[in-house]
1. Of everything in the range 431-445, what is open to solvent by 10 Å² or more (accessible area, probe 1.4 Å), on the phi < 0 side of the Ramachandran plot and in contact with a strand residue (DSSP E or B) (Cβ under 9 Å, 6 or more places away or on another chain)? Give them in sequence order.
2. Looking for something among the β-branched types (V, I, T), part of a helix (DSSP H, G or I) and over 15 Å from R524 (Cβ atoms) - is there at least one such residue anywhere in the range 427-440?
3. Would you be able to tell me the number of residues in the range 367-391 that are in contact with a Leu (Cβ under 9 Å, 6 or more places away or on another chain), surrounded by fewer than 24 Cβ atoms within 10 Å (Cβ to Cβ) and part of a strand (DSSP E or B)?
4. Using the structure shown, decide if L175 is modelled with pLDDT of 70 or more, of a type outside the set (V, I, T) and either in contact with a Ser or Thr (Cβ under 6 Å, 6 or more places away or on another chain) or surrounded by fewer than 21 Cβ atoms within 10 Å (Cβ to Cβ) (or both).
5. Looking at G581 and the list (1) at pLDDT below 90; (2) under 24 Å from G432 (Cα atoms); (3) buried (at least 18 other Cβ atoms within 10 Å of the Cβ), which single condition is not satisfied?
6. Hey, among T4, T39, which residue is polar (S, T, N, Q), modelled with pLDDT of 65 or more and either in contact with a helix residue (DSSP H, G or I) (Cβ under 7 Å, 6 or more places away or on another chain) or open to solvent by 40 Å² or more (accessible area, probe 1.4 Å) (or both)?
7. Count, please, the residues in the range 404-425 that happen to be out of contact with any helix residue (DSSP H, G or I) (no Cβ under 7 Å at 6 or more places or on another chain) and over 30 Å from L593 (Cα atoms).
8. Can you say whether G488 is within 18 Å of A544 (Cβ to Cβ) and open to solvent by less than 20 Å² (accessible area, probe 1.4 Å), as far as the supplied structure shows?
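The values are calculated or read from the model by the stated rules, or taken from the named source; none is laboratory data. Just so you know, these numbers come straight off a predicted model, no measurement behind them. All Cβ positions, glycine included, derive from the backbone under ideal geometry; neighbour counts span all protein chains shown. Accessible surface areas use protein heavy atoms only, side chains included; no ligands, DNA or RNA. Shrake-Rupley method; radii C 1.70, N 1.55, O 1.52, S 1.80 Å.
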Amino acid sequence: MVDTGPAPADAPRAPEPTLREALTELRRYVAPERRRLLTAGLLLLLSGAVGLVQPLVVQHLLGGTDPLRGAARPLLALMALVVVGAAASAYGGYQLSSAAEGAVLTARRQLTAHVLRLPMTAFRRATPGDLMARVTGDTTLLRQVVQQTLVQAVTGLVMTLGALVMMAVLDPVLLGASVLAIALLLGALGLVMPRIRRASIGAQDSVGEMGAVLDRSLTAFTTVKACGTEESEARRVAAAAERAYRHGVVRARWDSTANAAALLAVHLVFLVVLGVGALRVSYGAIPVATLVAFLLYVFFLTEPVMSLVGVVAFAQTGRAALQRIGEITRLPPEPPRSPAASAEAVGAAGAAGAAGAAEAAGAGPGEPAVVFDRVSFRYPGSPDPVLRDFSLAVPAVGLTALVGPSGAGKSTVLNLVERFWDPDAGSILLDGAEVRDWDLHRLRSVIGYVEQDAPVMAGSLRENLAYATDRATDAELHEVLELTRLDGLLTRLGGDLDAPVQYRGVSLSGGERQRIAIARALLRRPRLLLLDEATSQLDAVNEAALRSVVQDLAARMPVLAVAHRLSTVRDAARIAVVQSGTVRAVGTHEELLRSDPLYAQLAAQQLLTEASPSGPINSPVVTGS
């Protein structure tokens, strides 16, 4: 097993962003679309301005002494205004939709790049399904935010204020009656909007939870089938979907309430204006033409007022989406470049400092490739450390093997070399320099790492082999295929390096998947090779062949291997027995059989020796990682 520490806890809920923080987060994604947003805003303002002029044309048409005489010119002007307004609205809407799509694209690019650069400590706090929901679902909501909030907030507000100004010019008394109804609307919205925001956050969290549950089921699809748990897993997904449904229904209810309140307010304004206006006309305070124009402005207000209500409602959804996106973007990523040392300096630095540590760790003659000096480490949230004062030197040439009981910390050692995690105490030196001083990309580029559960990507065999390098020739690909005994696989694929390999390598054996991972690592021509139980799924023939490959590689480079089967490392130059996070013994296979009871017990269980020198085996020992 791989030492992965305790199960990740749910990521803590970040505090709800203020309006300014939400706008700052949103600005990151809409900044590239400034020009299109400006164009859309101007065109929609033009369309609204055209609408504001139309009631005045109607008033002029009806206010003459003889409305029918000279009506042709005002009617033509009115038709022209309608056409101009429709054209401006259509093209402005297109520009706005394009800008919204661009903002979604920018958000997805930035969020995906950020997620892939997260350190293990941050990645463990979330589940892949929830991260996918944030990258896909929450970013989709930004489209609505841009379309329904940014531009429409400005245009709706301008049009509303413009209509109120024109209404004030026509008749201040009717305007006062209208403002009273609008004030009632604002009060109702103030009560509804917080409920919309809470329901939006709940709905989006539930969608993320559903994605996490579904990801668990699909990742372990074979196990689900083998255990016959399709129904129980379906119930889990359905339960999460049910929670998303309930939150969505609540949000829909409050959305409908807000829209109904807005529509009711507009109708209330119309009825109030109609009643008060009829009285004023009967008393001769205003002409009929003025009342008709005022009523047209009331109708005109319907669209911007409903738009502003939608803006407020979508703003709550947008704040919820930006809150969930911000919880990820605020997680610090791995540094792209270490400030402590350049790649060139690292290669030559630290030789003097490494000498003392190497001596304490039991190094042989010559400078070691890797030195662990009193390293201690515990996983976040775990009460007990995985490694305690772990010290070991890996020679510059040769195979060094880590063996021991399950949970001893062996795989964690390899993870620390790759800087998936950083130790809590002690130091790890690579080529004489502390790994923290290496440029992170450079560090991982010189290490070939083969994990226990070797992944196979969807794509071709060539893409899987050359996943970490884009300059591999066909000759180099055939070379690593031959080294890892994958010639048979290539033959089965018709000799075509571009033949597809199914998702997660379901058409391959476990041994073939591991050998593809080893071939991928060898193709990078690493300076250090890390093998985490790389032969655990190989049959005896392929294990022997791969052991020969590893021995050839170890003759010219350092290899650090976690071993499940002692048979794969019995010829190693150095074998370190790890127990409870520390190195209890180091030696060759023969030396450890004589000197270390635990190793002798492991060997006896795997029939590598006829009897254990330490006497009878009282309890079984599992040799995982």
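1. Across the range 431-445, the qualifying residues are E434, R436.
2. The answer is yes, given that some residue of the range 427-440 is among the β-branched types (V, I, T), part of a helix (DSSP H, G or I) and over 15 Å from R524 (Cβ atoms).
3. Matching residues across the range 367-391 total 2.
4. In short, yes.
5. Of the numbered conditions (1) at pLDDT below 90; (2) under 24 Å from G432 (Cα atoms); (3) buried (at least 18 other Cβ atoms within 10 Å of the Cβ), the odd one out for G581 is (1).
6. T39
7. Final tally of qualifying residues: 2.
8. no
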